[in-house]
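Everything on this sheet refers to the single structure shown next.
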Amino acid sequence: MKQRKLSELNAEEKKIAVMALRKYGKLGWLSYVKEVEDFIKHQNLEPTTIEVGKVYKSNSGNNYFIAMVTSKKGDDCFSCHGFNSLGEWFNSDGSYLDDDITEATESEWFEALEKEAKRIGYKPYVKMRLLDGFITNGFTESEFKYLFKDGILYIYSDVYPVMKDGIWAEIVDEKQEIRDQIEKLESELVKLKEML
């Protein structure tokens with residue numbers, strides 16, 4: 001491959017060089033001139049080291065995601081939970097993270113979790129089965145606030161967990177409880193009729 005000057009590289013080639021430098025700490029198989037490597041290093045683009053328990057986000061506008069890494073599965077494979085590029089919640093036991101990522105701030109992660117909690121339907125006076133099994137009677141408007149601590153999202157205080165390790169609390173459908181009771185009573189009624 002012919003050596004080229006920095007000014008001869010197009011935007012896509014520069015992007016590939018940046019991603020290679022972030023991932024491998026060097027340009028590796030890319031045979032660009034030393035000038036390109038120096039240019040990229042002067043942008044303070046050090047390779048991102050993925051650490052378990054931290055939240056990362058993509059810097060690519062078309063493929064934005066934010067996720068917490070929960071364990072390492074291989075050299076470049078991790079278990080994580082968060083939001084994919086479509087903004088949908090995911091809980092993955094083996095994901096390959098983009099090269100173009102940086103560590104997210106706690107406020108960015110909290111904001112994304114709060115938005116998902118609202119989408120799920122958490123709101124004042126809604127009954128929920130929390131992650132510890134406790135069923136709430138709903139929180140009042142003044143009690144209904146989120147708290148983020150040690151990777152767990154809580155409502156009201158750090159006693160009421162609504163998201164931990166990628167698992168969300170369930171909204172309790174009170175009418176479903178009534179339907180289940182009706183079904184149980186109808187089954188018992190059938191058994192009693194058979195005894196006649």
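Here, each number is a calculation from the coordinates, and none is a lab measurement. Treat the numbers as computed from the prediction; the structure is a model and nothing was measured. For neighbour counting, all protein chains shown are included, and Cβ atoms are generated from backbone atoms with ideal geometry for every residue, glycine included.
Here the peptides 113-122, 138-147 are ranked by packing, the mean other Cβ count within 10 Å, and the order with the highest first is 113-122, 138-147.
Averaged over residues, the count of other Cβ atoms within 10 Å places the peptides 81-87, 181-187 in the sequence 81-87, 181-187, highest first.
When only Cα pairs below 8 angstrom with a gap of at least 6 residues are kept, the stretch 55-196 shows a relative contact order of 15 percent. With the Kirkwood sum run over all distinct C-alpha pairs, the stretch 106-174 has a hydrodynamic radius of 11.9 Å. A straight line joining the Cα centroids of the stretch 91-145 and the stretch 177-195 runs 37 Å.
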